[in-house]
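Scroll down for the structure; my scribbles are underneath it.
The values are calculated or read from the model by the stated rules, or taken from the named source; none is laboratory data. Treat the numbers as computed from the prediction; the structure is a model and nothing was measured. Neighbour counts run over all protein chains shown; Cβ positions are idealised from the backbone, glycine included. Ligands, DNA and RNA are stripped out before the accessible areas are found, and what is left, the full protein with its side chains, is counted by its heavy atoms. Shrake-Rupley method; radii C 1.70, N 1.55, O 1.52, S 1.80 Å.
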Amino acid sequence: MARRIPRREFLASLGAAGATTAASLLSLAPVRILAGYSAAAKPKSDPIFQAKALKGVDFVLRNSPTSRKYLIETMPGGVALLDYNNDGLLDIFFVNGGHVRDIVGATMSFDRRNPAYWNRLYRQNPDGTFTDVTQQAGLADAGNSNYGMGVAVGDYDNDGFPDIYVTNFGKNILYHNNGDGTFTDVTAKAGVAAGGWSASAGFFDCDNDGRLDLFVTRYLDWSMEKSKTCGSERPTYCPPGEFPAITNILYHNRGDGTFEDVSVASGIAAKKGHGLGVAFADYDGDGFTDIFVANDVTNQFLFHNNGNGTFTECGLESGAALSENGKMLSGMGVVFQDYDNDGLPDLLITQLPHEPYVVFHNEGRGLFSAQELTAGFGVLSGNSSGWGVGLEDFDNDGWKDAFIVQGHVFDNVEMYDGSLRYREPPLLALNHKGRFVKADAGSDVPVAGRGAAFGDLNNDGWVDVITTSLGEAPQCYLNYGGELHWLTITLRGKRSNRDGFGARVQVNGQTRFATASGSYLSSNDKRLHFGLGSAETADIEIKWPSGIQQALRGVKANQFIVIEESAP
């Protein structure tokens, strides 16, 4: 069994030898550390996830299902992996739902002052346990009239500490990280409360000015008063098509702690949809980050960044709006990364059953082709309902694999269709040079899965997964991996935004687009993980949002490094 090594002891043991030309954060070679988790070494390359309960994490996602079948009950809740106190250990933030009553009173309240319905922040300790720091961090007040949905994380003021944005049915909240372990609600000052039913959100730099902007998807033009129940003999939740579509929101960062709503001026508000997931990448290589919105029973939206503060929605023209058989998607979660190592970001979108999860392969020249059947998802997902999704190299072989949390929208779906299940186990699909094949996800326990966040929770060089499910505790899938090599990069922008979001990073023929966004309602570890297979060194090329290009050669494998943006 691996010895539990306190982080301070481990850092002290490294001395100067752990430094590299890219300023090493935490070198894990030649020692394998499990940061508080013990497991027998697995001498094989396939990932071995083990579903674990995290000590100190007692969160329950409370969605409060009612006989009135309010649609909001089916949709929460997000999860974020972030290092809020910059101690080198990932912490976890969970978004809770709220208390929904069968009969809504004159004043709408979701009982968010009750600790059972708080959002929660858990600080990771050096021994791998967690401490609930929600109240001392200033995050206990979620807003009594807010029903929680999702979370986005980004350093919007470039002060070196990650800030948290929470989406709600109601008003959204921006929490500024004060750098001392506490957060301040700055929503009113920043001007980013939005309103209505927000879903996913993400920070990105839309104009390459070095400041992170904010994009918010909205789901429906819906309220408790407008709600209705469908099904005559057996009441169920109404599908989203029963309610009007709505516009998404783009906030431009002014650089003084405030944001400007540029949804109309940018062209984002010209399109209405049923927005759920959002992901960012520069799909056509013009140096500006584009936006993809996963819509439910609406054409998918691909907003091309024109580089002048405006966007053009071109999903249909680019081939990224409909499935391979030309059908509209019930898009839920989305990830925008390169799965076949051709250097171009592709799209993987989860949806409801009877249609496979959709793969839009980037063909170059601004065009996509639907390749879900060729990629293997016709076999993997026909009868499943997918939500949170990630493309990460779980087995460190140099190819990004897929992990998807699953579970139907409707809690009584079996009454309508005996082939479907409300609760489902997650899907792990390993990438065999562009074709995905099902593998053991570490648990076959069915849940009503929703959010998923991806990151190396225990700093052992293998990507882990945290997921949420309705009415239950979160699931943690720890990856105990094998013996292949890896490299994890933290970007530190100078002229670009400090997080480096929007950078294109290539390592040994693989490409990642720097972002914490993607999945469903969730935010991932901002560090960029690369599996290196048998290679013991890596060549790195970075194109920063500022346009600066940077290269490092012969970087040793099996370490975490920080790369600062070079001078022009």
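I need the full set of residues from region 312-333 which are more than 16 Å from residue 369 (Cα to Cα) and either touching a Lys or Arg at 6+ places or on another chain (Cβ under 9 Å) or crowded, with 23+ Cβ neighbours inside 10 Å (or both), in order please. Passing the criteria: 313, 330, 331, 332, 333. Annotation note: Cβ proximity below 9 Å between a residue of region 398-427 that is under 12 Å from residue 381 (Cα atoms) and in contact (Cβ under 8 Å) with a residue 60 or more places away in the chain and a residue that is in a strand (DSSP E or B) and open to solvent by 50 Å² or more (accessible area, probe 1.4 Å) (sequence gap 6+ or interchain) occurs for 407/423.
Test residue 298 against the criterion of being touching a Gly at 6+ places or on another chain (Cβ under 7 Å), among the hydroxyl-bearing types (Ser, Thr, Tyr), open to solvent by 20 Å² or more (accessible area, probe 1.4 Å) and at pLDDT below 95, and give yes or no. It is true that residue 298 is touching a Gly at 6+ places or on another chain (Cβ under 7 Å), among the hydroxyl-bearing types (Ser, Thr, Tyr), open to solvent by 20 Å² or more (accessible area, probe 1.4 Å) and at pLDDT below 95.
On the basis of being in a strand (DSSP E or B) and more than 25 Å from residue 503 (Cα to Cα), does residue 299 make the cut?
Judged against the criteria, residue 299 is not a match.
When we screen 538, 514, 557, 452 for residues that are without any contact (Cβ under 8 Å) to a residue 24 or more places away in the chain and either among the hydrophobic types (A, V, I, L, M, F, W, C) or surrounded by fewer than 22 Cβ atoms within 10 Å (Cβ to Cβ) (or both), the only hit is 514. Return the total of residues in region 381-412 being outside any loop (DSSP other than H, G, I, E, B), open to solvent by 10 Å² or more (accessible area, probe 1.4 Å) and modelled with pLDDT under 95. Residues meeting the conditions: 0.
Looking at region 303-328, which of the residues that are under 22 Å from the mean Cα position of the chain (by Cα) and without any contact (Cβ under 8 Å) to a residue 24 or more places away in the chain is farthest from residue 281 (Cα to Cα)? Looking at residues that are under 22 Å from the mean Cα position of the chain (by Cα) and without any contact (Cβ under 8 Å) to a residue 24 or more places away in the chain, I get 321. Scan region 217-224 and tell me whether some residue there is open to solvent by 10 Å² or more (accessible area, probe 1.4 Å) and acidic (Asp, Glu). There is at least one residue in region 217-224 that is open to solvent by 10 Å² or more (accessible area, probe 1.4 Å) and acidic (Asp, Glu). Those strands (runs of 3 or more DSSP E) of region 141-198 in which 2 or more residues are more than 18 Å from the chain's Cα centre (by Cα) and more than 26 Å from residue 496 (Cα to Cα) occupy 163-170.
The numbered conditions (1) in a loop (DSSP other than H, G, I, E, B); (2) modelled with pLDDT of 95 or more are all true for residue 215 except (1).
Residues that are out of contact with any Cys (no Cβ under 9 Å at 6 or more places or on another chain) and assigned to a strand (DSSP E or B) within region 303-355 comprise 312, 313, 330, 334, 335, 336, 337, 346, 347, 348, 349, listed in sequence order. Of all residues in region 490-511, exactly one satisfies the criterion of being farther than 20 Å from residue 283 by Cα, open to solvent by 50 Å² or more (accessible area, probe 1.4 Å) and part of a strand (DSSP E or B), namely 492. Filtering 245, 190, 270, 194 for residues that are open to solvent by less than 10 Å² (accessible area, probe 1.4 Å) and of a type outside the set (S, T, N, Q) leaves a single hit, 190.
One residue stands out in region 225-234 among those that are touching a residue at least 40 places away in the same chain (Cβ under 8 Å) and exposed (fewer than 13 other Cβ atoms within 10 Å of the Cβ): the one that is nearest to the chain's Cα centre (by Cα), namely 225. Scanning region 90-107 for residues that are at pLDDT below 95 and either touching a strand residue (DSSP E or B) at 6+ places or on another chain (Cβ under 8 Å) or closer than 30 Å to residue 462 by Cα (or both) gives a single hit, 100.
Against the list (1) closer than 30 Å to residue 459 by Cβ; (2) free of Cβ contacts under 8 Å to residues at least 40 places away in the same chain; (3) open to solvent by 10 Å² or more (accessible area, probe 1.4 Å); (4) not aromatic (Phe, Trp, Tyr), the condition residue 134 fails is (3).
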